[in-house]
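K.L.:
Mind looking over this structure? Questions follow.
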Amino acid sequence: MRSLITGIGGFAGQHLAELLSGRGGATVFGVARDPVSWERVDLVRDRGLTVLTVDLSQAREVGHALDASGPEWVFLLAAQSAPGDSFADPMGTIVNNVGCVVNVLEAIRRSSLRPRVLLVSSGEVYGRPPEGGRPISEATPLAPDNPYAISKVAQDLLGRQYHIAYGLDVVRVRPFNHIGPGQTDRFVAAAFARQIVEAELGLREPVIDVGNLAAERDFTDVRDVVLGYELALQKGRAGEAYNLASGRGRSVQTLLDGLVARSRVPINVRFDPQRARPVDAPVLVGDATRFATECGWAPTIRFEQTLEDILNDWRRRVAAA
């Protein structure tokens, strides 16, 4: 199987590359705008990974990448992926995220290739949950409440439109919050873990700066999520959208408490208003029944194991730095 992953230098991209490159007979190409520097990249390259330096905002470069890779599967992961950052640069987020997807879909449409395409949207497209806080299904209306989520709605609907208008074999997935080793500290779990590890090593005072701890989110391990991406292209229906979620909500406070409990030094907590978003849904929990039923997916990695792995990852990274 020949696969092409856009955004291979990102959080989920690195885990997907490692998963796919470990399959027998797999040939994996990755697209990144900048040099890829994530951990274990050399090991993955030894398995046959080829990283192409491509600016997805340039249609000509996208076409060359498609010709060079000749993929049977395409995973569209590339995006500015931090909702908080999107408030600081809404135009950049929307132009980047939408433009890159259009360029890839257009390149496929114009080529003789007909790969299966996974368009990675987000659980953020649903915005605030329905009354009663029930888990959100794919039937829930899209109601994005931040610029990042708006860009993901546009990507999501573009995938549907290219399937309907041009017959492209596009499957859409809407993953809810995923965490795990390798994530940058622009995201909440990694930000907490880095501060804890730096405190353990005496590099900062033993205080964690926090934003809104009451928000409840559906946290799934990234390694389970990328297994879902593979299953979506193996078994998903073209044109369909699937939630990827655990179906269980946990508050950010619970996430913090779990990490602090695993700290090697006592930790204090301090509220930082700069870390709070202008708009933040109180609860965002997904219902992945459709995906479980049609594709046989279910998370298998325990939340507690994910927390251990996040902290140990940051201990390695901070020590190495």
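No value in this document is a laboratory result; all are computed from the given coordinates. Just so you know, these numbers come straight off a predicted model, no measurement behind them. Every residue, glycine among them, receives a Cβ derived from its backbone with ideal geometry; neighbour counts consider all protein chains shown.
K.L.:
Starting from the amide H of PHE219, placed 1.01 Å from N in the peptide plane, find each other amide H under 5 Å away whose residue is 5 or more places distant or on another chain.
P.N.:
Under 5 Å from the amide H of PHE219: ARG250.
K.L.:
In whole Hz, with x marking every Gly and Pro, tabulate ³J(HN,Hα) for segment 29-37 from phi via Karplus 6.51 cos²θ - 1.76 cosθ + 1.60, θ = phi - 60°.
P.N.:
Karplus-based 3J(HN,Hα) across segment 29-37 equals 10, x, 10, 8, 6, 10, x, 7, 10 Hz.
K.L.:
Viscosity 1.567 mPa s, temperature 4 °C: Stokes-Einstein D of segment 54-134 from its Kirkwood Cα radius, in µm² per second?
P.N.:
Details: Rh = 14.4 Å.
Taking Rh from Cα pairs, D becomes 90 µm²/s.
K.L.:
Can you compute 3J(HN,Hα) from phi for each residue in segment 113-124, using the Karplus curve 6.51 cos²θ - 1.76 cosθ + 1.60 with θ = phi - 60°, rounded to whole Hz and x for Gly and Pro?
P.N.:
Result, rounded to whole Hz: 6, 9, x, 6, 10, 9, 9, 8, 8, 6, x, 5.
K.L.:
Measuring from centroid to centroid over Cα atoms, what is the spacing of segment 106-179 and segment 305-321 in Å?
P.N.:
Taking the Cα centre of segment 305-321 as reference, the centre of segment 106-179 is 31 Å away.
K.L.:
Let me ask you something else. ³J(HN,Hα) across segment 159-176 via Karplus (A = 6.51, B = -1.76, C = 1.60, θ = phi - 60°), whole Hz, x for Gly/Pro?
P.N.:
x, 5, 5, 5, 6, 5, 7, 10, x, 5, 8, 9, 10, 10, 10, 10, x, 8
K.L.:
Counting Lys and Arg as +1 and Asp and Glu as -1, what is the net charge of the other residues whose Cβ lies under 9 Å from the Cβ of LYS152? Provide the component values of the computation, followed by the final result.
P.N.:
Working: positive: ARG174; negative: GLU124, ASP156.
Here the charged neighbours net out to -1.
K.L.:
Relative to the first principal axis of the alpha-carbon coordinates of the chain, what is the inclination of helix 222-235, with its axis defined by its Cα atoms, in degrees from 0 to 90 and to the nearest 10?
P.N.:
20
K.L.:
Still on this structure, I have one more. How big is the gap, in Å, between the Cα center of segment 245-300 and the Cα center of segment 70-87?
P.N.:
Taking the Cα centre of each part, segment 245-300 and segment 70-87 sit 21 Å apart.
K.L.:
Then there's this: Return the FRET efficiency for the residue pair ARG264, ALA139: r is the Cβ-Cβ distance, R0 is 41 Å, and the value is rounded to the nearest 0.05.
P.N.:
Working: r = 46 Å, r/R0 = 1.12.
Plugging the Cβ-Cβ distance into 1/(1 + (r/R0)^6) gives 0.35.
K.L.:
For the chain, take the longest principal axis of its alpha carbons; what is the angle in degrees between that and the long axis of helix 303-320, to the nearest 10 within 0 to 90?
P.N.:
Approximately 90 degrees, to the nearest ten.
K.L.:
Please list, ordered by chain and number, the residues whose modelled amide H lies under 5 Å from the amide H of SER137; skip anything fewer than 5 residues away on the same chain.
P.N.:
ASP287
K.L.:
If amide H atoms are built 1.01 Å from N in the plane of the peptide, which residues on other chains or at least 5 residues away come under 5 Å of the amide H of THR50?
P.N.:
Answer set, sorted by chain and number: VAL28, PHE29, GLY30.
K.L.:
Where both partners of a DSSP beta bridge lie in the chain, what percent of those bridges are antiparallel, to the nearest 5? Each step should come with its number before you reach the end.
P.N.:
Values: 2 of 38 bridges.
Rounded to the nearest five, the antiparallel share is 5 percent.
K.L.:
Tilt of helix 90-110 relative to the longest C-alpha principal axis of the chain, in degrees (0 to 90, nearest 10)?
P.N.:
The angle comes out near 30 degrees.
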